[in-house]
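The values are calculated or read from the model by the stated rules, or taken from the named source; none is laboratory data. This is a predicted model, so every value here is computed, not measured. All Cβ positions, glycine included, derive from the backbone under ideal geometry; neighbour counts span all protein chains shown. These area figures cover heavy atoms from the full protein model, side chains too; ligands, DNA and RNA do not enter into them. Shrake-Rupley method; radii C 1.70, N 1.55, O 1.52, S 1.80 Å.
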Protein chains: 2
Amino acid sequence: MDIATRVWNHKWKIDPIVRSLIDTDFYKLLMCQSVFRKHPNTRVTFSLINRSRDVPLARLIDEGELREQLDHIRSLSLSRGESTWLRGNTFYGKRQMFRPDFVHWFENLSLPPYNLERVGDQYELTFEGSWPEVMLWEIPALAVLMELRGRAVLHDMGRFELQVLYARAMTKLWSKVEKLRGVDGLAIADFGTRRRHSFLWQDWCVQAMLEGLGSKFVGTSNCLIAKNRDLEAIGTNAHELPMVYAALAEDDAALARAPYDVLADWHEEHSGNLRMILPDTYGTEGFLARAPDWLAGWTGIRIDSGDPAAGAETAIRWWQDRGEDPRKKLVIFSDGLDVDKILELHARFAHRTRVSFGWGTLLTNDFRGLTPENRLAPFSLVCKAISADGSPTVKLSDNPNKAMGPEDEIARYKRVFGVGKQERLEVVV
Amino acid sequence: MDIATRVWNHKWKIDPIVRSLIDTDFYKLLMCQSVFRKHPNTRVTFSLINRSRDVPLARLIDEGELREQLDHIRSLSLSRGESTWLRGNTFYGKRQMFRPDFVHWFENLSLPPYNLERVGDQYELTFEGSWPEVMLWEIPALAVLMELRGRAVLHDMGRFELQVLYARAMTKLWSKVEKLRGVDGLAIADFGTRRRHSFLWQDWCVQAMLEGLGSKFVGTSNCLIAKNRDLEAIGTNAHELPMVYAALAEDDAALARAPYDVLADWHEEHSGNLRMILPDTYGTEGFLARAPDWLAGWTGIRIDSGDPAAGAETAIRWWQDRGEDPRKKLVIFSDGLDVDKILELHARFAHRTRVSFGWGTLLTNDFRGLTPENRLAPFSLVCKAISADGSPTVKLSDNPNKAMGPEDEIARYKRVFGVGKQERLEVVV
């Protein structure tokens, strides 16, 4: 290492976890552009939610260090190279995916303030502000908390213990790659930014997938890694859109319409593989049953909760009912995947529809079993929009363990969306 | 990496495997000094012997590359820092272990020419010259052949396959370290230079042992690594001395005396832990039975062939017969050790005598099972003195599979040393 690099490294007071505003998921930027155009002044609050109560984040992570990391993120702005990439790159085969007015706004953006408070063994971390601004906090906030928790565990390990830890993690990932590489027609993308072990580890995982899987590895949701490694940036839209649209609905009729309004707005902007339906926010069955006909013409469906095979069967049945050929449609699985589940779903559905996988936490953070007491195992941390213009948001999903919102509002949503009994599935990550 | 380092690396026509004359076993230098004093003009021939005929070295290793590596070793001379280390360091608690006249000779040494010929799928590689010069070829020649064979296998692997290979090897070694670290009173040294996977890998193994075992790791036989890592250099003497002394014996009476002459010469020069008996060259039982009384006063015995537990029992019985307290004696095990054998021998003998382990090939080259078809597994390669002043050498050892020499000479030695039936044990490495 040359002297300048070493001196530079020592200039940092902290070792920043998030070093770029595009170290985030691609769908956040797609959604942000849409929100920036349609709802620039909607006031939204995002909040951290640790579903794994047994992981005492406030005992593991020093509040001062957490603030330093969050403050560092607030100091970031888009670099010239990043802006050039957003303006000049081809995404999903399309030039100028990001409009000049959006990139101009993004270039001048700093993330808004955060509110942090320790409550017992957990942190309350919230972000309030205009929707397009606060929504960009979600991914870096999650990445910071995951990585700080990891660092707390790594702190007490020796140099060779650390080397061996990563050696074991590499071995583990490569065994997965070896299981996948022989499977014909597989298509897998990295969706693991938010709950990754660390940025460098995610970057390693992406490179390993690339070498091991070749063209079966179709890209990464992480914009910074996509840019640095010259890969496809992957992603479409998320629950955030229907949740906020629904919270803004003035009555039950508007509420019932809200999820379709989201997709109507999306339809205006996007075509091809970006037209992916995420049907589970308020129950997949009802959503598809009441969907307008034009939605059956969309490219595919992303299955993000509930039993994934059941979800895919529902989607295939729905396409058949609407006169569409499922073999021309795309099903993306993205919920709690690991290699065996990927192989099982691929074997079951690859000949009946086009199948793709968004592999998240167990790609970029499978440190299960690698330390005593499993102290590096990933856990279920999310950061969600909890209110919009003063109204609480609600998510039902196809798994009641992933539901969120005030009880009376959950009851109202269930009534409006006709959601009956749901199967309760354990949320691993 | 800075530009100068990168340019420097690209200046090399080859990537030299052995880069220093002290990248060798410590006992070679101790013996060399002894030979330099007592037998400077004895003509000796060393020869490579591949006991693993199923490893077709000449098909795996390009002759040109092998010559380049050997030529590079011939271009080496002792650096100033290396010479300073030999002159100024404390070895086994003693200052000036190496006499000024010896170091002066060593400073001006270049290794003598080699003879290389391909015969079928194997190489014939021999070194002829004065004993103190040619004896220094043994370790670098072995290291070069082992590493070139490894490189031939590694050559076709991708960048991440390589990373994962080393990740698996690290994981494997660390599991061994974890098995050993909890055992009280353990003492282990690295004896793995000659059949290491590579220099960098041996260096990594040494550092891992150091971090994992702390003071239970007592040092390394590799002088360069001992110097660079500020560790104890470990080693005493080897079969080479009795083999050459025996070959020089003029009649059967002199032959019977030869192994004790070796130790008498050693006794003059060395004390303490350097007074280690290597009794198996012509059969341990007979050697100890006929040993002069002063030898029982030596510090310990190294067990390098045959069943190690049987060898240690023989040694303990011998000490008891000669009125010595075995609990004050040292037994060093150094033959084909791996972690389970170490644990077993330690449990059996640690309370009855002082026990130490010279862990070789399966410390620094345990790549068994890490590649398809096991192409990186270590194999049994040696480089031995095969003649001295025109007479062939003979080794019997406590395992007939390790015996070497012309048949009629083996018969004569067996008669002279009274060696009866021996148990045949598989030679793994």
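For chain A, what does the helix formula give at 222 nm: sum of -39500 (n - 2.57) over DSSP H segments with n ≥ 4, over the residue count, nearest 500 deg cm²/dmol?
-13500 deg cm²/dmol
Show me, for the stretch B:24-36, the HN-Hα J-couplings you get by feeding each phi into the Karplus relation (A = 6.51, B = -1.76, C = 1.60, θ = phi - 60°), rounded to Hz, glycine and proline as x.
3J(HN,Hα) across the stretch B:24-36, in whole Hz: 8, 6, 4, 5, 4, 6, 4, 5, 4, 4, 5, 5, 4.
Which stretch or stretches of the stretch A:281-308 have amide N atoms under 19 Å from the point lying 7 Å from residue A:421's Cα along the Cα→Cβ direction?
Once the point is set 7 Å along Cα→Cβ of residue A:421, A:283-286, A:306-307 turn out to lie under 19 Å by backbone N, inside the stretch A:281-308.
Kirkwood hydrodynamic radius, computed over distinct alpha-carbon pairs, for the stretch A:252-323: how many Å, to one decimal?
This gives a value of 12.6 Å.
Determine which lysines satisfy two conditions relative to residue B:329: a Cα distance under 19 Å, and not lying fewer than 8 residues away in the same chain.
Candidates past the 8-residue exclusion: B:216.
How large is the dipole of the stretch B:162-364 about the Cα centre if only Lys and Arg carry +1 and Asp and Glu carry -1, each at its Cβ, rounded to the nearest 20 debye?
Rounded to the nearest 20 debye, it is 940 debye.
Of all the C-alpha pairs in the stretch B:272-411, what % are more than 21 Å from each other?
Counting every Cα pair in the stretch B:272-411, those more than 21 Å apart make up 51 percent.
Quote the convex hull volume per residue of the protein assembly as shown, based on C-alpha atoms, as a whole number of Å³.
Looking at the protein assembly as shown, the number lands at 192 Å³ per residue.
Using the reciprocal of the averaged 1/r over all distinct C-alpha pairs, how large is the Kirkwood radius of the stretch B:162-364 in Å?
Hydrodynamic radius (Kirkwood, Cα pairs) of the stretch B:162-364 is 17.9 Å.
Per 20 Å bin, what percent of the C-alpha pairs of chain B does each bin hold, from zero upward?
Over chain B, the share of Cα pairs per 20 Å bin runs 25, 61, 13, 0 percent.
Enumerate the whole-percent occupancy of each 10 Å bin, from 0 to the last occupied one, for all C-alpha pair distances of the stretch A:91-209.
10, 27, 30, 23, 10, 0
Can you give the FRET efficiency to the nearest 0.05 for residue A:62 and residue A:324, using r as the Cβ-Cβ distance and R₀ = 51 Å?
Between residue A:62 and residue A:324 the formula returns 0.45.
Say each of residue A:250 and residue A:411 gets a label point 7 Å from the Cα, pointing the same way as Cα to Cβ; how far apart are those two points in nm?
Label at residue A:250, label at residue A:411, 2.6 nm between them.
Name the long-range amide H neighbours of residue B:94: under 5 Å, sequence gap of 5 or more, or other chain; modelled H, no Pro or chain starts.
Those qualifying (amide H under 5 Å, at least 5 residues apart or on another chain) number zero.
Would you tell me the mean number of C-beta atoms belonging to other protein chains that fall within 10 Å of each C-beta in A:206-217, as a whole number?
Whole-number average of other-chain Cβ neighbours for A:206-217 is 2.
Measure up B:176/B:395; A:38/A:414; B:328/B:414; B:179/B:341 against 21 Å on the Cα-Cα distance and list the ones that go over.
B:176/B:395; A:38/A:414; B:328/B:414
What is the dipole size for the protein assembly as shown, taken about its Cα centre, with +1 at each Lys and Arg Cβ and -1 at each Asp and Glu Cβ, in debye to the nearest 20?
I would put it at about 180 debye.
Can you list which of the GluC sites (Glu not before Pro) found in the stretch B:248-351 are DSSP loop residues with at most 13 other C-beta atoms within 10 Å?
B:250
Please give the contour-minus-distance gain from residue A:157 to residue A:71: 0.36 nm per residue of separation, less the Cα-Cα distance, rounded to one decimal in nm.
28.2 nm
For chain B, what does the relative contact order come out to in percent, with C-alpha contacts under 8 Å and a separation of six or more?
Normalised by residue count, the contact order of chain B is 21 percent.
Run the accessible area of the protein assembly as shown with a 1.4 Å probe and give the carbon-and-sulfur part as a rounded percent.
48
Relative contact order, percent, of the stretch A:11-155 when contacts are C-alpha pairs under 8 Å separated by at least 6 residues?
39
Once the principal axes of the Cα atoms of the stretch B:294-342 are found, what is the range along each, listed largest first in whole angstroms?
32, 16, 16
Points 7 angstrom from Cα along the Cβ direction at residue A:264 and residue A:296: gap in nanometres?
About 2.0 nm separates the two model spin labels.
What is the distance in Å between the Cα centres of the stretch A:172-231 and the stretch A:275-344?
Taking the Cα centre of the stretch A:275-344 as reference, the centre of the stretch A:172-231 is 24 Å away.
Taking the alpha carbon gyration tensor of the stretch A:11-155, what are the square roots of 5 times its eigenvalues, largest first, to the nearest whole Å?
They are 29, 17, 13 Å, listed from largest to smallest.
Could you give me the radius of gyration and the Dmax of the stretch B:316-399, taking only the C-alpha atoms into account and expressing both in angstrom?
Every Cα atom of the stretch B:316-399 included, Rg and Dmax give 17.9, 54 Å.
Looking at the stretch B:293-361, which trypsin sites (Lys or Arg not before Pro) are in a loop (DSSP not H, G, I, E or B) and have at most 16 other Cβ atoms within 10 Å?
Hits after loop and neighbour filter: B:322, B:352.
So, R0 is 60 Å and r is the distance between the beta-carbons of residue A:351 and residue B:115; what FRET efficiency does that work out to, to 0.05?
Step by step, r from the Cβ atoms, then E = 0.40.
What list of ³J(HN,Hα) couplings, whole Hz, do you get for the stretch A:159-170 from phi and the Karplus terms 6.51, -1.76, 1.60, once you set θ to phi - 60° and write x for glycine and proline?
Along the stretch A:159-170, the couplings run 4, 7, 4, 5, 4, 6, 4, 5, 4, 5, 5, 5 Hz.
For the stretch B:162-364, what relative contact order do you get, as a whole percent, if you take Cα pairs closer than 8 Å and at least 6 residues apart?
24
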